[in-house]
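Right, one structure below, let's go through it.
The values are calculated or read from the model by the stated rules, or taken from the named source; none is laboratory data. Just so it is clear, the model here is predicted, and its values are computed rather than measured. Methodologically, a virtual Cβ is constructed for each residue, glycine included, from the backbone with ideal geometry; neighbour enumeration extends over all protein chains shown. Areas reflect the complete protein model, heavy atoms only, side chains present, ligands, DNA and RNA absent. Shrake-Rupley method; radii C 1.70, N 1.55, O 1.52, S 1.80 Å.
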Amino acid sequence: MERWQTIIEPFRIKSVEPIRLTTVEERERLLAAAGYNLFNLHSDDVLIDLLTDSGTGAMSAEQWAGVQRGDESYAGSPSWYRFLQSVQELFPFKHVIPAHQGRAAEKILFGVVGGPGKVVPNNTHFDTTRANVEFTGAEAVDLVIEEGRHPSVIHPFKGNMDTAALDAFIADRGVEHIPLVMVTVTNNSGGGQPVSLENLRAVRAICDRYGLPLFLDACRFAENAWFIKQREDGYQDRSIPDIVREMASLADGMTMSAKKDAIANIGGWLAMNDDAWAEQARNLEILTEGFPTYGGLAGRDLEAIAQGLREVVDEDYLRYRIRSTAYLGEALVDAGIPCVQPIGGHAVYLDAAALLPHIPPLAYPGQALSVALYREGGIRGCEIGSVMFGKGPDGSETPAPMELVRLAIPRRVYTQSHVDYVIEVVRWVAERAGELRGLRIVEQPAQLRHFTARFAPLEATV
C-alpha cells in the first residue's frame, strides 16, 4: 500500500451512528451552560469528538463476538484466562491484576508503594497518574529530555527520560524515598511522543545500579513499538509483538488502560513480578475493584480486551493509525499552525502558547483555543496546559511547561473526510487567533480540576 498516497482504512464499516449538526449560535449557548468546559457538554452536541482516545474506539466484529462469549462467573471464568493469556503473551509479568480502567490500577499501585515522603520520577506523568501519586502524599516529578519540553523541536524520541537528570535525582533524593521509577509510553502529556528502547535500557541500567524497580505506564505501547520499528536502528525487521516483549523485559511491572491500545471501551490492569507488592495489591483490589479474576470488569469486557490486544499489534492497523494522525498534523503544520513535532501517535497537539501569545498562561490559552474550536466547528479537544497541570498540591498556581490542545483521534471511528473537516476548522480559527481572549476560573475542585471546573470569558484580552 505504500505506493499510494491515499490513506485506506484496513476495515469496512458495518454499522453507523448519526451525528447531529449544530449551529454556531446553538454552540454558544451550550458553552455558556457548560461553564466553558468541554467536559461538561453532552456528547450528542459534539460534531467531531477528539476529547480523548480513551475508550472511544470502535470494536471489531471479533471483539463483539467475544462479548457474546463472555462468561460472567465471579471467580476463575474462562474469559479471565483468555484475558490473562493475551496479556502475558505481550507482557510476561508474573502477576496480572485486572482493574476497571488504568487509573484504578494506578490507585492500587500507589496505594501500595506511595505515601508521605516518597517521590516518583517519570518522563512525564499524565493527569491521573500524577493525581494518584499526590493523593497518597507522595511527590510526582517529571524528567523528560530537554527536547521534549519544546513543541517545535524535532527529535525522533522526544518522550525519552533524561537519564543524567534521573541519576542525579536519585542520588540527591535518596533511594529510600523512591519506591519505583516510571516511564510513560508513549509520553501523552509531552505530545504523544515515543520512548526508544535505547533509552529504556539506559533507565533500566540506572535502576539496577540503585536497586530500584522500573514500571511502565504502557497505555499506548503498540504505537510506541511502531515508532521504534520505524525510527530506531536495528528494529526495522522486528515484529511489533517482539518489540513489545523487549520493552516489557526491561521493566518490573506496568499499569495499563485497556481503553487505549487494547481498543476496548473499558478496562485495564496492573502487572508486576514482586510477590509481596502483588499480595498487597490484590488485597486492595478486593476492597475496591472486585475479585482478582475479574477486577471490576464483566467477563465480556475481558474478552474484548483479549481480542483487542491481538488486533492492536497488527502492522496494517498500526500503519493506518499512525499515518492518519500524521495526515492531520502535517496538514496543520503546512498551514503554519504551531503543533508539537514530530506528530505523535494518538493525537495532534496544537501549541496554544505559540498561536495565542497575547493570552498569558494563567488566562489559559489552551482552554481558550479549545472553546473556539467547539464554538466554530463543533470539535471537542482537550486542554493540556495550565488548567490541567498549573495547580499545585498546595493550591498555588504555576504556568505549565507547555500550553497545548490535544486533538486525540479515537481508534477506527472517523474517516478521512472527518479529518479534512477538522483541518478546515482549525485553519479558520487559527487565522482569527488574535480575536480570542482568555478565561478565568469561577469554580473548581481541589484535584483534577480540568474535568469539572467552570470558566467565564475575560471581558478583554489580558
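Looking at the range 221-309, what helices (runs of 4 or more DSSP H) fall wholly within it and have at least 3 residues that are modelled with pLDDT of 95 or more and more than 28 Å from residue 72 (Cα to Cα)? Give the steps one after another, and end with the answer.
Values: elements: 221-231, 240-249, 275-288.
The qualifying helices (runs of 4 or more DSSP H) are 221-231, 240-249.
Number of residues in the range 1-29 that are open to solvent by less than 60 Å² (accessible area, probe 1.4 Å), hydrophobic (A, V, I, L, M, F, W, C) and in a loop (DSSP other than H, G, I, E, B): the value is 1. Within this structure, residue 65 passes the test of being open to solvent by less than 60 Å² (accessible area, probe 1.4 Å) and either over 25 Å from the mean Cα position of the chain (by Cα) or among the charged types (D, E, K, R) (or both). Can you name the residue in the range 127-174 that is farther than 16 Å from residue 200 by Cβ and of a type in the set (Ser, Thr, Tyr) and is also surrounded by the most Cβ atoms within 10 Å (Cβ to Cβ) among such residues? Result: 129. Against the list (1) without any contact (Cβ under 8 Å) to a residue 12 or more places away in the chain; (2) within 18 Å of the chain's Cα centre (by Cα), the condition residue 346 fails is (1). Restricting the range 30-55 to residues that are of a type outside the set (A, V, I, L, M, F, W, C) and part of a helix (DSSP H, G or I), the residue that is nearest to residue 442 (Cα to Cα) is 40. Selection over the range 398-435 of residues that are open to solvent by less than 20 Å² (accessible area, probe 1.4 Å), part of a loop (DSSP other than H, G, I, E, B) and more than 27 Å from residue 58 (Cβ to Cβ) gives a count of 2. Within the range 436-459, the only residue that satisfies the criterion of being in a loop (DSSP other than H, G, I, E, B) and of a type in the set (Asp, Glu) is 459. Taken over the range 337-370, the criterion of being buried (at least 24 other Cβ atoms within 10 Å of the Cβ), over 11 Å from residue 151 (Cβ atoms) and of a type in the set (Val, Ile, Thr) is satisfied by 348, 359. For the range 203-214, the criterion of being in contact with a Leu (Cβ under 8 Å, 6 or more places away or on another chain), in contact (Cβ under 8 Å) with a residue 60 or more places away in the chain, under 21 Å from residue 104 (Cβ atoms) and part of a strand (DSSP E or B) is met by none of the residues. Selection of first residues in the range 248-266 that are surrounded by fewer than 24 Cβ atoms within 10 Å (Cβ to Cβ) and of second residues that are in a strand (DSSP E or B), restricted to Cβ pairs under 6 Å at least 6 apart or on distinct chains, gives the following pairs, ordered by first then second residue: 252/214.
Look at the range 318-337: where a residue is more than 16 Å from residue 228 (Cβ to Cβ) and of a type outside the set (A, V, I, L, M), no partner that is outside any loop (DSSP other than H, G, I, E, B) and open to solvent by 30 Å² or more (accessible area, probe 1.4 Å) sits 6+ places away or on another chain with Cβ atoms under 7 Å. Among the residues of the range 443-456, write down those that are over 25 Å from the mean Cα position of the chain (by Cα) and either open to solvent by less than 50 Å² (accessible area, probe 1.4 Å) or modelled with pLDDT of 95 or more (or both). Correct list: 456 only.
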